[in-house]
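> Take a look at this one; I'll ask things after.
The values are calculated or read from the model by the stated rules, or taken from the named source; none is laboratory data. Computed from a predicted model, the values in this text were never measured in an experiment. Please note: Cβ atoms are built from the backbone with ideal geometry, for glycine as well, and neighbour counts cover all protein chains shown. Side chains included, ligands, DNA and RNA excluded: accessible areas come from the protein's heavy atoms. Shrake-Rupley method; radii C 1.70, N 1.55, O 1.52, S 1.80 Å.
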Amino acid sequence: MNIALQAALLGIGATLIMDIWAILQKRLFNIAGLDYRLVGRWLLHMTHGQFVHHTILNSKKMCGEIVLGWSAHYLIGMIFCYFMLAFSGRDWLTQPTFIPALLTGIISVCAPFFIMQPGFGFGVAASHTPAPAVARRRSLIAHTSFGIGIYITALLLKPLFVAFM
């Protein structure tokens, strides 16, 4: 099994766990997660040369933004897992440890802080939002759940990874 397929499986599982955490937060604490249609909207506006918005919430809705946003969400998860495996080594899959997975999740929060949120018009690390500290904490929790998801997915898929190494 090649590293791209391993990263894809790991990324899908980890991102799914991140999404399950978001659903639990919504149901238990009424904390809304990111609306991934906004990611799709942002990406689709890029095809028209618009990379930064005053606020993505007020930008024109685009056809296909929901599907693209969710697809990008999972693809990004796969990409982060690919880089984690490239740095940790593929042997990590046969003996997964918690720290590399957790660090990958925490490091992944750099993407929304320094790329997505500024592009959405929310400022670096949500600095232009009504409650930046709350937004930062929620992003960090979401991405930490992604890191935990990497580890849980690796444990669940370990027999598969061992069989095909």
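> Inspect all residues belonging to segment 149-159 and state whether any of them is surrounded by fewer than 19 Cβ atoms within 10 Å (Cβ to Cβ) and under 17 Å from the mean Cα position of the chain (by Cα).
Yes, there is a match, as at least one residue in segment 149-159 is surrounded by fewer than 19 Cβ atoms within 10 Å (Cβ to Cβ) and under 17 Å from the mean Cα position of the chain (by Cα).
> Filter segment 83-99 down to residues that are in a loop (DSSP other than H, G, I, E, B) and touching a helix residue (DSSP H, G or I) at 6+ places or on another chain (Cβ under 7 Å) and give me whichever is farthest from Tyr151 (Cα to Cα).
It comes out as Thr94.
> Here's something else I'd like to know. Could you say which residue among Leu24, Leu44 is open to solvent by 20 Å² or more (accessible area, probe 1.4 Å), touching a helix residue (DSSP H, G or I) at 6+ places or on another chain (Cβ under 8 Å) and under 28 Å from Thr129 (Cβ atoms)?
Leu44
> Would you check if Phe80 is part of a helix (DSSP H, G or I) and under 13 Å from the mean Cα position of the chain (by Cα)?
Yes: the conditions hold for Phe80.
> When you scan segment 54-71, do you find a residue that is among the small types (Gly, Ala, Ser), more than 26 Å from Ile12 (Cβ to Cβ) and open to solvent by less than 60 Å² (accessible area, probe 1.4 Å), even just one?
yes
> Confirm whether Ala4 is surrounded by 16 or more Cβ atoms within 10 Å (Cβ to Cβ), aliphatic (A, V, I, L, M) and over 15 Å from Phe120 (Cα atoms).
In short, no.
> Is there a residue being small (Gly, Ala, Ser) and touching a Lys or Arg at 6+ places or on another chain (Cβ under 6 Å) anywhere in segment 108-125?
yes
> Inside segment 27-36, can you point out the residues that are open to solvent by less than 70 Å² (accessible area, probe 1.4 Å) and assigned to a helix (DSSP H, G or I)?
Residues satisfying the conditions do not exist here.
> Here is a follow-up. Identify all residues within segment 60-75 that are in contact with a Leu (Cβ under 8 Å, 6 or more places away or on another chain), hydrophobic (A, V, I, L, M, F, W, C) and not in a loop (DSSP other than H, G, I, E, B); write none if there are none.
Within segment 60-75, Leu68, Ala72 meet the criteria.
> Please identify the pairs in which a residue from segment 104-115 that is over 12 Å from Met18 (Cβ atoms) has its Cβ atom under 8 Å from the Cβ atom of a residue that is hydroxyl-bearing (Ser, Thr, Tyr), counting only partners at least 6 apart or on another chain.
Ile106/Thr144; Pro112/Ser139; Phe113/Ser139
> Sticking with this one: Please specify each residue of segment 7-16 satisfying the condition of being surrounded by fewer than 22 Cβ atoms within 10 Å (Cβ to Cβ) and not aliphatic (A, V, I, L, M).
The one that is surrounded by fewer than 22 Cβ atoms within 10 Å (Cβ to Cβ) and not aliphatic (A, V, I, L, M): Gly13.
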